[in-house]
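Everything below concerns the one structure shown next.
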Amino acid sequence: MKLNDTIVAQSTPQGKGAIAIIRLSGKDSIKIVNSLFPSKDLTKVDTHTIHYGNIEYKDSIIDEVLVSVFKEPNSYTKENIVEISCHGADFIIKKILSLTIKLGARVADKGEFTFRSFLSGNMDLSQAEAVSDLISSNSENSHKIAINHIKGVFSNKIKKLRKDLINLSSLLELELDFSEEDVEFANRNQLEKLLNEILSFNNVLLESYKLNNVIKDGINVLILGKPNVGKSTILNGLIEEDKAIISDIPGTTRDVLDDTITVGGNLLRFIDTAGIRETEDKIEQIGIKKALNQVDNASLILYVIDLNNTDLKSLTSESNSKFLKNKNVIYVGNKSDLKIEKEVNSYFKKNDLLMISANKSNDLSNLKDKIDLFISRNLVNEESSIMINERHFTSLTNVNESINNVKKNLNNKSNTDLLAMDIKYALNHLGEITGEVTNDEILGNIFSKFCIGK
């Protein structure tokens with residue numbers, strides 16, 4: 001990949017649209033567009049300015065456009081950047097692209113604009129990854145986390161820990177230079193305090209790895225319960241679509257059905273399942289097995305109970321089911337518009353459990369509010385501002401291993417050279433996260449996941 005030439009790509013999504021943006025970056029980007037834009041001399045305009053005019057070639061008008069100019073080093077890539085906002089017709093886009101290529105630009109590789117931004121020092125590697133996360137964010141929380149990463153909330157903490165560790169590492173190296181004199185420049189108590197701080201911070205991040213995938217892909221909310229309690233009606237009501245077949249015949253739902261909606265700031269994947277019961281029907285047994293298999297993958301379970309067809313004994317038995325033990329569960333009493341035993345009604349009210357009628361929109365809104373409140377308190381809270389991906393997880397796991405080795409050697413009063421070696425390993429792994437330590441294979445893998453034009 002050349003990095004001293006000028007690149008061009010469409011930055012808006014492919015397909016027809018009212019407006020498209022064509023972006024150029026490189027030393028000749030202003031010169032190339034200037035030769036197609038007779039309305040104004042772009043070499044003489046100020047940076048961060050927008051100019052109206054025509055894209056023309058050989059006295060033929062291609063389109064009426066707005067041209068934005070960002071002069072080095074005050075741009076996304078720290079190179080000259082020009083963005084052409086044209087009409088979104090395929091012919092116009094292809095024509096402008098072909099003309100810029102003819103005049104010396106080349107088509108950008110995937111993620112090359114952000115790659116150049118990383119290489120120029122405009123952002124570190126974790127911030128570059130967050131650009132891709134921002135583009136693919138599908139909920140308020142995934143958007144918030146990506147913005148925090150782009151702003152450097154995550155990488156600044158990593159850099160601070162790395163800087164402190166480098167300072168202590170330097171003192172250990174100094175001890176090695178004066179090893180014959182048996183002196184300590186690095187305060188061992190201060191070193192152990194920093195190691196504990198790094199381990200504590202790392203463990204919080206490692207815990208967030210699973211949550212990160214949940215927020216990106218959707219929080220799995222499993223709708224579970226006996227047959228005919230209204231699970232499918234609840235699914236249809238929540239997603240506002242008749243996705244699941246509804247009937248009075250027990251065992252109608254045989255397979256797993258799912259759909260996604262946004263509740264609060266999170267993308268939720270609601271999963272409807274076969275009713276849990278003893279049955280001789282082989283196909284229904286398969287559906288029940290599939291339902292129970294979903295329990296381990298669920299972040300939250302809506303356990304639905306038929307208020308019209310239960311008693312206190314059955315209610316207590318269902319609540320204590322083995323497959324619900326140590327799970328995040330919201331108990332939902334359905335069919336509240338029908339007759340309910342007094343003891344059942346008292347049990348739900350005493351335990352502050354939700355009673356609804358799945359046929360009433362207000363009740364479904366209350367259920368959504370209950371789900372949103374539960375998630376914000378137990379799964380995704382205000383502290384969920386930093387989350388890690390698989391690459392970060394691997395590096396942080398390696399950091400912990402190295403730090404634990406340092407602590408072990410400290411306790412054993414091992415030689416300084418062993419301490420220094422493990423600290424170097426930890427520093428390298430921390431540097432991998434921000435890109436201070438990296439290789440071409442890692443960079444290629446990261447930026448290949450970007451779309452062309454970003």
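The values are calculated or read from the model by the stated rules, or taken from the named source; none is laboratory data. Source: prediction; values computed, not measured. Note: ideal-geometry Cβ built from the backbone for every residue, glycine included; neighbour counts use all protein chains shown.
Search the stretch 1-58 for residues being farther than 14 Å from Asp109 by Cβ and of a type in the set (Asp, Glu), and hand back the single one that is surrounded by the fewest Cβ atoms within 10 Å (Cβ to Cβ). Ranking the candidates gives Asp46 first. Can you tell me which residues in the stretch 325-355 are in contact (Cβ under 8 Å) with a residue 40 or more places away in the chain and on the phi < 0 side of the Ramachandran plot? Scanning the stretch 325-355 gives Asn328, Ile330, Val332, Asn334, Phe348, Met355. For the stretch 209-225, the count of residues that are farther than 30 Å from Asp296 by Cβ and either at pLDDT below 85 or surrounded by 18 or more Cβ atoms within 10 Å (Cβ to Cβ) (or both) is zero. Within the stretch 352-386, if we keep just the residues that are under 30 Å from Gly152 (Cβ atoms) and in a helix (DSSP H, G or I), the residue that is modelled with the highest pLDDT turns out to be Asp372.
Picking from residues in the stretch 59-75 that are charged (D, E, K, R) and more than 21 Å from Lys27 (Cβ to Cβ), the one that is surrounded by the fewest Cβ atoms within 10 Å (Cβ to Cβ) is Asp59. Restricting the first member to the stretch 80-98 and to residues that are assigned to a strand (DSSP E or B), and the second to residues that are aromatic (Phe, Trp, Tyr), the beta-carbon pairs closer than 7 Å and six or more apart or on different chains are Ile81/Phe70. Of the residues making up the stretch 327-347, those that are outside any loop (DSSP other than H, G, I, E, B) and either not assigned by TED's automatic domain parsing to the domain that holds Asn297 or not acidic (Asp, Glu) (or both) are Val329, Ile330, Tyr331, Val332, Gly333, Asn334, Lys342, Val344, Asn345, Ser346, Tyr347. Residue count for the stretch 389-418 under the criterion of being at pLDDT below 80 and either under 20 Å from Ser208 (Cα atoms) or of a type in the set (Val, Ile, Thr) (or both): the result is 1. The set of residues in the stretch 402-444 being without any contact (Cβ under 8 Å) to a residue 24 or more places away in the chain, among the charged types (D, E, K, R) and over 19 Å from Asp164 (Cβ atoms) consists of Lys408, Lys413, Asp440, Glu441. Only one of the listed residues (Val33, Val65) is in a strand (DSSP E or B) and out of contact with any Lys or Arg (no Cβ under 9 Å at 6 or more places or on another chain). That residue is Val65. Looking at the structure I just gave you, is Asn405 within 30 Å of Asp217 (Cβ to Cβ), within 33 Å of the chain's Cα centre (by Cα) and not β-branched (Val, Ile, Thr)? Criteria not met by Asn405. Would you mind stating whether Leu176 is of a type outside the set (Gly, Ala, Ser), under 19 Å from Ile423 (Cα atoms) and either at pLDDT 75 or above or exposed (fewer than 12 other Cβ atoms within 10 Å of the Cβ) (or both)? It is false that Leu176 is of a type outside the set (Gly, Ala, Ser), under 19 Å from Ile423 (Cα atoms) and either at pLDDT 75 or above or exposed (fewer than 12 other Cβ atoms within 10 Å of the Cβ) (or both).
Name the single residue, out of those in the stretch 112-137 being charged (D, E, K, R) and within 16 Å of Glu436 (Cα to Cα), that is surrounded by the most Cβ atoms within 10 Å (Cβ to Cβ). Only one residue tops the list, namely Glu129. Does Asn167 fit the bill of being closer than 24 Å to Val437 by Cβ and modelled with pLDDT of 85 or more? No. Take Thr77 and decide whether it is assigned by TED's automatic domain parsing to the domain that holds Lys27, touching a Leu at 6+ places or on another chain (Cβ under 9 Å), within 30 Å of Gly53 (Cα to Cα) and assigned to a loop (DSSP other than H, G, I, E, B). Judged against the criteria, Thr77 is a match.
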